[in-house]
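Worksheet: one structure, shown below.
Each reported figure results from applying straightforward, stated rules to the coordinates on display, with no laboratory input. This one's a predicted model, so the numbers in the text were calculated from it and none came from an experiment. Don't worry about glycine lacking a Cβ; one is built from the backbone with ideal geometry, like all the others, and counts go over all protein chains shown.
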Amino acid sequence: MKINKFLDTLIIGAGFAGMYCLHKQISDGFIAEIYEQGGDVGGTWYWNRYPGARCDIESMDYSYSFSEELQQEWNWKEKYGTQPELLNYAKHVCEKFNLRQKINFNKKIIKAVFNKKTEKWIVSSDDNIHIECKYFILATGNLSTPNTPNISGINNFEGSIYHTGAWPKEMPKFEERTVGVIGTGSSGVQSIPIISETAKNVLVFQRTPNFSLPARHTKLPEDKRDNYKKNYTMYRTLAKNSSFGIAKYQPPTQSAFDVNEDERNKIYQKAWEEGGQAMLFSFTDLLTDKRANDTAAEFVRNKIRDIVSDKDVADKLCPFDHPIGTKRLCLDSNYFQTYNKQNVSLIDISKNPISEITKNGLLTNNTEYKFDDLVFATGFDAMTGAVNAIDIINDNEVSLKSKWADGPKTYLGIMVSEFPNLFMITGPQSPGVKSQMILSIEQHVDFIHGLILHNKNNNFRQVYAKSKNQDEWVNHNNDVAHSTLYPLAHSWYNGDNIIGKKRNFMPYVGGVANYKKLCDEIIKNDYEGFEFT
Ligand code: NAP
């Protein structure tokens with residue numbers, strides 16, 4: 001095989017994880033490059049261009065902290081960054097740190113094989129470029145492999161089909177058109193109100209209702225932004241010491257039953273008015289005690305009943321199948337209000353699932369629905385999808401996919417035993433998706449970079465995770481998850497949304513502060529659990 005390029009480090013993905021990782025690597029003199037299947041930087045924010053796409057974490061938090069100059073010079077305009085604003089930010093970072101010339105765009109990596117003799121990875125793209133590298137880093141994202149359900153007849157549909165997670169660059173026009181939307185997770189909840197502003201009619205096909213809280217989105221007032229900037233050190237420290245990685249969400253101190261019902265509802269009301277995820281941080285036991293959780297869930301269901309004028313529609317929108325917060329909470333701007341509009345219809349498909357897509361719409365068990373365009377807001381093969389899409393083979397000719405057949409197993413969500421010099425940024429069993437992502441990304445990249453420097457400075461050739469420590473970490477991850485209500489939900493956290501995927505609770509829910517403390521201890525103990533050869 002002809003090798004086209006020799007690198008120290010190959011990184012896949014030019015989202016926030018890949019870019020920061022590349023910056024660290026080249027700053028320390030490594031010959032490093034990114035391979036990215038998209039046409040520009042941004043990752044999630046490159047692909048998810050659907051109407052209404054914006055972050056569910058406030059901009060002043062959802063941003064890099066590694067460069068004081070960057071965090072002072074960038075002026076967020078909106079409380080929650082819109083997709084275009086976040087994409088511009090990613091491009092700004094790319095230019096500021098001179099990363100672009102080290103990024104290979106429109107390149108899809110499909111295979112990586114560890115060569116026993118050279119102790120290097122040979123990484124191959126779908127256009128037959130082969131790159132040899134010592135370190136191979138997956139910055140492939142957790143929600144980056146769109147899931148389009150395999151519904152028969154899909155090719156017969158005569159209108160346009162869109163997926164929120166792979167939205168076209170040019171915004172489709174929905175004027176005078178009836179649009180069918182399948183899916184009511186965060187992507188559906190954000191896009192449905194905006195699509196309904198221009199479409200003639202919107203038919204929402206809902207299999208399971210979701211809890212959604214008001215985002216209370218506004219323009220970001222300049223004085224608030226300036227105050228945050230002045231005190232960034234304090235806010236970032238508070239974030240690092242919290243469970244979710246957001247300064248204002250500090251651990252609650254009282255149980256939902258330490259107060260009476262009136263007081264409890266006042267606390268929920270305050271959180272509801274504040275917006276965002278605040279409600280989940282009201283009491284210590286909302287995610288561990290079903291009775292406590294029910295009090296918050298019923299509060300939100302009552303809000304839905306108040307907002308939606310048609311009682312039948314309101315009932316269909318009220319979730320009962322999972323404790324609130326055990327699926328990623330949606331944040332919305334007028335989602336439930338949208339169902340009061342004449343041009344929006346909610347179709348409950350929980351009992352009559354979609355059986356076929358036809359040329360003019362779709363069929364459920366008992367009815368045909370007609371529409372001009374179809375939007376899949378049906379989510380992602382989360383956390384493992386993008387990793388398993390690459391055929392990664394170790395020196396014993398074992399594939400990572402086969403190792404993960406019963407679910408992912410990692411040490412800290414960073415390495416997999418028997419796969420030397422292969423790293424994941426915010427992989428399964430890390431707090432990544434259960435935190436402010438960029439904070440977790442920075443912490444992971446710093447940790448991985450430390451491992452690589454340790455390997456290099458000691459003239460080691462390989463670093464890998466020890467199986468014993470990996471097993472212990474996987475067990476710990478499960479123990480923590482099963483001490484909470486999370487496993488009760490049918491969710492992408494558990495892999496439930498993908499047919500045939502083995503059920504496993506994948507994120508680490510012990511919190512970012514605890515996780516970082518553990519990582520720091522591991523470093524102090526000479527990278528305990530990692531083997532260097
Ligand atoms: P999702 O939460 O997995 O929701 C997918 C939706 O599609 C669900 O309502 C699901 O129904 C439905 N669905 C899937 N297959 C179906 C089928 N065959 N028939 C009918 N319905 C089907 O996906 P998402 O909304 O894209 O969000 C995924 C994650 O991305 C979020 O949880 C969040 O972490 C992230 N995200 C964040 C933002 C933000 O920052 N604001 C925005 C979008 C996404 P069931 O529930 O019945 O399976």
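Quick look at the numbers
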| read-out | value |
| --- | --- |
| For q = 0.08, 0.14, 0.19 Å⁻¹, Debye-computed log10 I/I(0) when each Cα of region 284-418 counts as one equal scatterer | -0.40, -0.95, -1.15 |
| Flagged links, alpha-carbon separation over 29 Å, of LYS77/LYS200; LYS230/LYS266; LYS5/LYS409; LYS2/LYS102 | LYS77/LYS200; LYS230/LYS266; LYS5/LYS409 |
| Net charge of Cβ neighbours under 14 Å - reference CYS519; Lys, Arg +1; Asp, Glu -1 | -2 |
| Neighbourhood net charge (12 Å Cβ-Cβ; Lys/Arg +1, Asp/Glu -1) for THR364 | -1 |
| Stokes-Einstein D in µm²/s, Kirkwood radius over Cα pairs - region 57-164 at 10 °C with 1.306 mPa s viscosity | 87 |
| Ranked packing of 18-30, 330-342, 465-477, most packed first, by mean Cβ within 10 Å | 18-30, 330-342, 465-477 |
| Nitroxide proxy distance, nm - points 7 Å out along Cα→Cβ at ARG216 and GLU119 | 5.6 |
| Convex hull volume per residue in cubic angstrom - Cα atoms of region 249-350 | 109 |
| Which of VAL480, VAL463 has the fewest Cβ neighbours within 10 Å, and the rest in rising order | VAL480, VAL463 |
| Residue order, fewest to most surrounding Cβ atoms within 10 angstrom, among GLU521, GLU298 | GLU521, GLU298 |
| Shape call, region 385-533: gyration tensor on alpha carbons, a/c limit 1.5 | oblate |
| Modelled label reach - LYS111, point 7 Å along Cα→Cβ, region 131-153 residues with backbone N closer than 12 Å | 131 |
| R0 of 25 Å, Cβ-Cβ distance LYS230-ASN514: FRET efficiency to nearest 0.05 | 0.30 |
| Under the span-like rule (Cα at least 30 Å along the axis, Kyte-Doolittle mean at least 0.5), DSSP H helices of the chain | none |
| Viscosity 0.890 mPa s, 25 °C: Kirkwood-radius Stokes-Einstein D of region 341-450 over Cα pairs, µm²/s | 139 |
| Packing-based order for 104-115, 126-137, 221-232, using average beta carbon neighbours within 10 Å, highest first | 126-137, 104-115, 221-232 |
| Prolate/oblate/rounded label for region 90-230 (Cα gyration tensor, a/c 1.5) | oblate |
| Contact order relative to length of region 58-155, as percent, for alpha carbon pairs under 8 angstrom and 6 or more apart | 13 |
| Residue-span extension gain [GLU298 to ASP391] - 0.36 nm each, minus C-alpha spacing | 28.9 nm |
| At R0 = 30 Å, FRET efficiency that the Cβ-Cβ distance of SER27 and ASN475 yields, to 0.05 | 0.25 |
| Within-11-Å neighbourhood charge of LYS96 [Cβ basis; K, R +1; D, E -1] | -1 |
| Bridge type composition, the chain - antiparallel percent by DSSP, nearest 5 | 40 |
| Packing-based exposure ordering (other Cβ within 10 Å, fewest first) of ILE452, ILE498, ILE392 | ILE498, ILE452, ILE392 |
| Overall dimensions of region 86-127 by Cα: Rg and Dmax, Å | 15.0, 43 |
| Size of the chain as Cα extents on the principal axes (Å, biggest first) | 69, 57, 44 |
